[in-house]
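Structure first, commentary second.
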Amino acid sequence: MCNFGKFCFALYFIESFCFNVSYVDRADPDLPICLEQTVLVWIPLGFMWLCAPHHLISLCKRTTKKRMSKLYLCKQFVVSLLFLTAIASLAVTIAEGHGPNSDSTQTEKIAGVYYANPVLFAVTWILLLLCQEGLRRKGKHVDSATLFFFWLLLVVCDIFPFQTLIRAALREGKVSDVPRFCLFYISFGLELVALVLSAVADISPEAKEHMKKNPEKAATFLSRITFNWTSSLVVTGYKRPLVQEDMWDLKDIDTTDHISQVFSSNMKTELDAARVRYQKKLQKCASSKRDNAREGEFHNEMSNGLGKGVSQDVLMMEEKGKKEGGKKKKNKEQSEDYPNSWLVPTIYKTFKWILIESAFFKLVQDILTFVSPQILKLMIAFTEDKTSYAWVGYMYATLLLLVAVLQSLCLQQYFQRCFVLGMQVRTAIMAAVYKKALVVSNNTRKEWTVGETVNLISTDAQRFSDLTSFIHLLWSCPLQIIISIAFLWIELGPAALAGRTVVVLMVPINVLLADKARQYQMENMKFKDDRLKVMNEMLNGIKILKLYAWEPSFQAQAEDIREKELKVMTKFSYLSSVSTFLLTCAPALVCLVSFAVFVGVSPDNMLTAEKAFTSISLFNILQFPLAMLPMIIASIVQTTVSKKRLEKFLSGEDIEAGAVQHNSSFKTAVSVCDGTFAWERDAEPLLKNVSLEIKPGQLVAVVGAVGSGKSSLISALLGEMHSTKGFINIQGSIAYVPQQAWIQNATLRDNVLFGSPNDERRFNEVIKACALEPDLELLPGGALTEIGEKGINLSGGQKQRVSLARAAYSQADIYLLDDPLSAVDAHVGKHLFENVIGPNGILQNKTRILVTHGVSFLPHVDEIVVLVEGVVSEIGSYSSLRASGGAFSEFLDTYAKEQRTRTRSESDHSQNMEDLELLPDSEDTDLDAPLEDVVSSTLKRENSIRHSQRNSSIRRRKNSSIRKIENDDDLKKVQKLIEKEAMETGWVKLSVFLQYLRAMGWGYTAVAALVYFIGNVAFVGQNLWLSEWTKDAVVYANETYPPSLRDLRVGVFGALGVAQGLFVFLGTLILVNASIAASRILHERLLKNMMRVPMIFFDTTPIGRVVNRFAEDIFTIDEAIPNSLRSWILCLLGVLGTLFVICLATPLFTIVLVPLAIIYYFVGRFYVATSRQLRRLDSVSRSPIYSHFGETVSGLTVIRAYNHQERFLKHNEITIDENVKSVYPWIVSNRWLAIRLEFLGNLVVFFACLFAVISRDSIDSGIVGLSISYALNIMQTLNLLVKMTSELETNIVAVKRVSEYIEIENEAEWVTDTRPPKDWPEAGRLQFENYKVHYRPGLDLVLHGITCDIGSTEKIGIVDRTGAGKSSLTNCLFRIIEAVEGRIFIDGIDIAKLGLHDLRANLTIIPQDPVLFCGTLRMNLDPFDKFSDEEIWKVLELSHLKDFAAGLKEGLQYEVSEGGENLSVGQRQLLCLARALLRKSRILILDEATAAVDLETDNLIQNTIREEFSSCTVLTIAHHLHSIMDSSRVMVLDAGRIVEFDTPQNLLSNKGHFYAMAKDAGITQQDSSTVL
């Protein structure tokens, strides 16, 4: 027995182990027994004692009594048994030393360690019992990482004595110490059981429910580090497509609520400090300006006299220099005129612990990365030394496996934390921006459009997310570069510097390429933006394009921009190909230079396999940081722009909290005391010296001309305007009805309730009062009908009534009503006033402030406030103001004449089926862009008084048919107005891939694949050549190395490297051309088809969805798919090449290749199915975040007025959480895949080493080095291949989505063989024969057998009782909808036989919404350049726009902004009149053409039409009856049938339908006679 005296002190270890190699220098090595009995025992026990306090703390705390689980009892039982074995072991030692059979000599022989170890174990087991109890009391913990590590360490350390005892027994043929032998193996068995138990989760019954909602909470340490807890989701995703309901609940620390609170707290601290710094900076700047002013005065004095010896030229140069310097300084100051440099510190403070954790894992992983090449070096040395023991090789193989496994675990933990960090940063920024948007002032709002604000939470937040995910590379890359170069110096000496020089020289080339690429990218983005701008306008105004037959012109415009975009994209792709060439050549070039210099500097330098493949491994490591460092720096530069934008917005001015006081001591409900208000702090006041006192319960009307400040007064009362003097006091809660109704994308009931509790009685009362009852009866879903975004499926009247119902239901104290009756018909307005607003309405006891132009309502109000140019001119009752003869009298004279019929609705009658259209009408422009609220629109219209507040974004709904609902399923179906976009599920069909390859061209595809394959062959050949080269070191070990052979080796090695780069370059070029061709073809087909699809498609499809095809899907086809395809091909060839080399080196590897390949395939399939669906869920759940944000910004004034900011904040948090629920599983599923694939890769490395050891007698060291260095690279390649497969599958869906729209059935041909005569129509005679039409199959008819004859030059007014028919008639004339039965003849020609363009180009329409497009004034009038400038100026004169156009500097080339925003509504409508005058066909249709303009513009349009179209047949669809009282005849439709058709006088005399409508509108027969 070994002498254990004095516990085998360190000196003994050094003497007996370190210097005595007899333990290892043999075929069957072993550790000294003293080491096994001391150090290997004390390591795990020491670890346990260090970790124990952490668990024992919970024993000191008072906790509720916890249930003892069976697992807990088992653990305690096993430890108790181990305690008994320790006591037994101590008893054995005592018995041996002091028992009856012992003697004095025996006592001396028993070492102290046999006494110490049982005691140490006994104390440790007691400690462990307490620790396990402490763990149980913690409650939430299901296991302990420290306890698992303890058991693992103990078992690993006990393996050595385990095999030592067995080997000793086998060697001696007996067991020398039976008691200790038995006790050790009993203990070892119990330790194994304890290890297994420690890896099992101890879950309480109540926690099992939580586990179902989030399995991570119940995951053990082992499950967490291998991400095994994700397996259930991955399996589910493989079995069936995942849905949102499959997503787990978030952990508390990942919820938006938690992150937002912590981030907001830190942001407040940092932002306050930044504001202090900013104020100091401003003060310093002010002081500097004063000093400069003084200095300027001094210079002026100096320049007055040149006799003092100062050159005037010198002074001029100084002055010039100062001006330039000042200009730069000024620009810099302007660019940062806000508190800055606070966002990054805020992010750091909020997420510092996860940053520190991830940095630790990255550091460990980086260090382990450099261990593998050193083990490879030892492995090659082992194969070269045939005298080495076999166990050394197996040890190296095992070491390489352990290092690789540990490296994989650390890397995945690092990635997990980094991606979660990115996710949390994105969440924090989105929540912060949303929170800020709710309180932002008008100063800030004016600087940020809705789109720009949405960009903050989409693009800018995502950039921060992407950067923070890789932020550690900023220090990791330089660290890896330094360590790599240090190791290369050790291997190759100064020759390593030659390789590094190549790397350094390539940096400026890459920088140059990157800079050029950035320029191309910016140019490309510009063209992309231009194209999308044009596409957005085309799609928003698609009905106008169809009505005017303008599609070819706009299609050509879009194609022209697309061609420019593709040219730039081609240049960018060629540049990328050069970068790929350099990237491919770089490793080969670096190796070539390094090896050439190494063998060239001295004949003694021989390139051994050891040096060659260790160096190559190091070069491979070096490649990653060199590639990533420029990318991370570029990402930082991009994110800096986002940082500035976010800092500017988040540090912007908040709305004044005390703008409106709520002092209960006032006796009035609303008090304004000498208030002066402006939209911005430094702007000219719009309201001046306003003083108002409104008593509780009063109904006050606010009147005045357009632009007098009525809406501004309401905004001031809401606290939306900046108060320069005076104050406002309001007692009680506020309800607000904006002029432009804001409707949420929710059910009609939710829109009315608006967060209030549901009271059915009150709800029904409000619905009845707001004239919504008939709508609910006819709407298929009733109150549960879903309203589309911005209320696109409601008419303007319905939207306004829903908005009024919301206010009425809220039971507020004060009601601010901003002209709510302007969007409804006269009789509906009368109903609303009588039943809601007026003295007998449901709000009769409330304080109401009503902005109105309705003269008829004024006698019924308590008080009238008259505004003139922002000043309160008069206040008083109707009678007193009428008698005074002041501003109010002027107002009455202006408006009373036409007031009875002056409305802005499309005949919103109580039985109006027009309001029931469940599909969005194509006249709605900008369907997916958020509406602006009253504040935004007022800010934009500030400088144009003619820009009517009743602007054109009030939508009309018409031409509906009512379907009878058969059952509940149908009811649910029709409640959804626009179906959700179908989300792709399951595997992508092969046909989709083939479709893309077909678009690329089969020839291109085949040649590219072949060229890539040859490039890969060159790469493999280069490495095999290197393997042969290393043999020379053995052959010429004692001889002079022939220079010719050396040159040959270097030359062939370099040639193969260059060949590889050239082939990859060539392959990339071919793929570039092929992918550009595919992009061109697919976009061309998509655009062509979108111009030809029927209008019904746009009625049922949100414009945003179509734009998405041209934006995201085309972007994916342009850039993402080619990159994915190239990477996938290279990865696949890389994997195949690696496996070929390993099999070539060690044929035995083929045995494990098949099972590994099968495992790899199934892991990949499992992952791809899940990952693909999670990406789709992420995409689908991300849209509601942006929609809700846009909706909130557009309705901000309403939300603030009702004081519902907190409710919207909560809803935003829920929406973001729903998205994070799909992002987080995607992150962990990536880690799930990576850890498994890396384990597979580690096995490949292990088996490559193992078979190299087994076959070391038959293979040389060069092949071993090649095989293992290839295997070390396979981990990344395997992982990348699966990810690329997943990415390719995800991206290729874009081709399917585009193809779906390419295959949509077209409308009729634009031009057919049947062509009309040149001057057709000459007479303009219209005949309808039993004409029947429905909007689409399955719906009821909207026109039921219309038969009529309209003579040449007749002026026909068209009205309807129910709203379903009048605009359908227009659509039929232009064949927007096709006939079910019957015919229409124009001058005797059946229009169904003509081509659509032949028909539409010969008819003229002035539409209800004046749609303009980006481009010149001339282009908006004549897109085909058919007319001369003289003709255009003539029509501008006739349409009263000549003065306006002539006053413009650019004249006809004046650029019209998007949607015509830089023109007033009146000017836009006059431009539409000019279009009609330019075409001047014999048939003119007026589709409610003056519904959205002021009285002045209305009169101009009506007079021009009477004069210029006197010889034409004119069909006028009436928005109010007054405009058709001078018609030749009036057609009255009811439910799609002609019920009356005669002159206005005859119809009034007959006292039928028309008479009833005229009576409702306040028109009498006397009025009719006057008009005529």
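The values are calculated or read from the model by the stated rules, or taken from the named source; none is laboratory data. What you see is a predicted model, and the numbers here were worked out from it, not measured in a lab. Don't worry about glycine lacking a Cβ; one is built from the backbone with ideal geometry, like all the others, and counts go over all protein chains shown. In case anyone asks, the SASA skips ligands and DNA or RNA and just uses the protein heavy atoms, side chains included. Shrake-Rupley method; radii C 1.70, N 1.55, O 1.52, S 1.80 Å.
Separation of the stretch 453-482 and the stretch 1412-1467 by C-alpha centroid, Å?
47
Can you tell me how the stretch 199-252 classifies by the Cα gyration tensor, rounded, prolate or oblate, using a/c under 1.5 as the rounded cut?
oblate
For an R0 of 56 angstrom, estimate the FRET efficiency from the Cβ-Cβ distance between His54 and Phe1013 and round to the nearest 0.05.
That pair, His54 with Phe1013, gives E of 0.45.
Could you go through the stretch 654-670 in sequence order and give the Karplus-derived ³J(HN,Hα) for each residue, using 6.51 cos²θ - 1.76 cosθ + 1.60 with θ = phi - 60°, rounded to whole Hz, and x for Gly and Pro?
8, 5, 5, 5, x, 4, 10, 8, 10, 8, 6, 6, 6, 8, 8, 6, 10
So for the pair Gln279, Phe77, with labels modelled 7 Å out along Cα→Cβ, what separation do we get in nm?
Placing both labels 7 Å beyond Cα along the Cβ direction yields 7.0 nm.
Could you give each residue of the stretch 807-818 its phi-based ³J(HN,Hα) in whole Hz, using Karplus coefficients 6.51, -1.76, 1.60 with θ = phi - 60°, and x for Gly or Pro?
5, 4, 6, 5, 6, 7, 8, 10, 10, 9, 10, 8
For Ser288 and Asp1313, calculate 0.36 nm times their separation in residues minus their Cα-Cα distance, and state this gained length in nm to one decimal. Mind showing how you got there, number by number?
On the way: separation 1025, 0.36 × 1025 = 369.00 nm, distance 7.89 nm.
Answer, rounded to one decimal: 361.1 nm.
Taking θ = phi - 60°, what integer Hz values does the Karplus form 6.51 cos²θ - 1.76 cosθ + 1.60 yield along the stretch 369-382, in sequence order, with x for Gly and Pro?
Each residue's phi maps through the Karplus curve to give 4, 8, 6, 4, x, 5, 5, 4, 4, 5, 5, 5, 4, 4 Hz.
Give me the net charge of Glu1381's neighbourhood, meaning all other residues with Cβ under 12 Å from the Cβ of Glu1381; Lys, Arg count +1, Asp, Glu -1.
Neighbour charge sum, excluding Glu1381 itself: 0.
Indicate the gyration tensor shape class of the stretch 695-737 (rounded, prolate or oblate), computed on the Cα atoms with a ≥ b ≥ c the square roots of the eigenvalues: a/c under 1.5 is rounded; otherwise a/b larger than b/c is prolate and the rest oblate.
Verdict is oblate for the stretch 695-737.
How high is the FRET efficiency from Gln163 to Ser231, r the C-beta distance, R0 25 Å, rounded to 0.05?
0.15
Out of residues 5 or more away from Thr847 or on other chains, whose amide H comes under 5 Å of its own, with H placed 1.01 Å from N in the peptide plane?
Amide H neighbours of Thr847: Gly697, Tyr815.
Quick one: which residues, 5 or more positions from Leu1343 or on another chain, have an amide H under 5 Å from its amide H? H modelled 1.01 Å from N in the peptide plane, none for Pro or chain starts.
When sequence neighbours closer than 5 places are left aside, the close amide H contacts are Val1333.
Once amide H atoms are placed 1.01 Å from N in the peptide plane, what residues at a sequence separation of 5 or more from Ile1377, or on another chain, have their amide H within under 5 Å of its amide H?
Amide H neighbours of Ile1377: Cys1372.
Ordering Glu1431, Glu1322 from largest to smallest accessible area (1.4 angstrom probe), what's the sequence?
Putting Glu1431, Glu1322 in descending order of accessible area: Glu1322, Glu1431.
If I stretch the segment between Ala883 and Thr269 completely, what's the gain in nm (0.36 nm per residue apart, minus their alpha carbon distance), one decimal?
The span from Ala883 to Thr269 would gain 214.9 nm if fully extended.
How much area per residue is accessible in the stretch 1245-1338 when the probe is 1.4 Å and only protein heavy atoms are counted (Å²)?
Working: 4000 Å² over 94 residues.
Result: 43 Å² per residue.
Sort Arg806, Arg1537 from largest to smallest accessible area, using a 1.4 Å probe on the heavy atoms of the protein chains. Don't jump to the answer; show the numbers that get you there.
Working: Arg806 0, Arg1537 120 Å².
Highest to lowest solvent-accessible surface, that is Arg1537, Arg806.
Please give me the summed charge of the neighbours of Ser1286: other residues whose Cβ is under 10 Å from its Cβ, Lys and Arg +1, Asp and Glu -1.
After counting each charged neighbour, the total is +1.
Pop a pseudo-label 7 angstrom from the Cα along the beta-carbon direction at both His662 and Glu760 and give the gap in nm to one decimal.
3.3
Taking the Cα-to-Cβ direction at Val262 and at Gln1453 and moving 7 Å from each Cα, how far apart do the two end points lie in nm?
The two pseudo-label positions are separated by 5.9 nm.
Express in Å², to the nearest 10, the accessible area of Leu626 obtained by rolling a 1.4 Å probe over the protein heavy atoms while all chains stay in place.
Around 60 Å² of this residue is reachable by solvent.
If the chain between Asn1462 and Thr1347 were fully stretched, how many nm would it gain, using 0.36 nm times the residue separation less the Cα-Cα distance?
Result for the pair: 37.0 nm of gain on full extension.
Keeping all protein chains in place, calculate the accessible area per residue for the stretch 501-627 (probe 1.4 angstrom), answer in Å². Please report the intermediate quantities before stating the final value.
Values: 5040 Å² over 127 residues.
Normalised by residue count, the accessible surface of the stretch 501-627 is 40 Å².
Could you calculate the FRET efficiency of Ala1006 with Arg1085 from 1/(1 + (r/R0)^6), where r is the beta carbon distance between them and R0 is 25 Å, rounded to 0.05? Don't skip to the end; give the middle numbers.
Values: r = 23 Å, r/R0 = 0.93.
It comes out at approximately 0.60.
Can you list the chymotrypsin sites (Phe, Trp or Tyr not before Pro) in the stretch 153-185 that are in a DSSP coil and have 10 or fewer other beta carbons within 10 angstrom? Walk me through the numbers on the way to the answer.
On the way: sites: Phe162, Phe181, Phe184, Tyr185; in loops: none.
Qualifying residues, ordered by number: none.
How many angstrom separate the Cα center of the stretch 1072-1138 from the Cα center of the stretch 502-518?
Rounded to whole Å, the Cα centres lie 30 Å apart.
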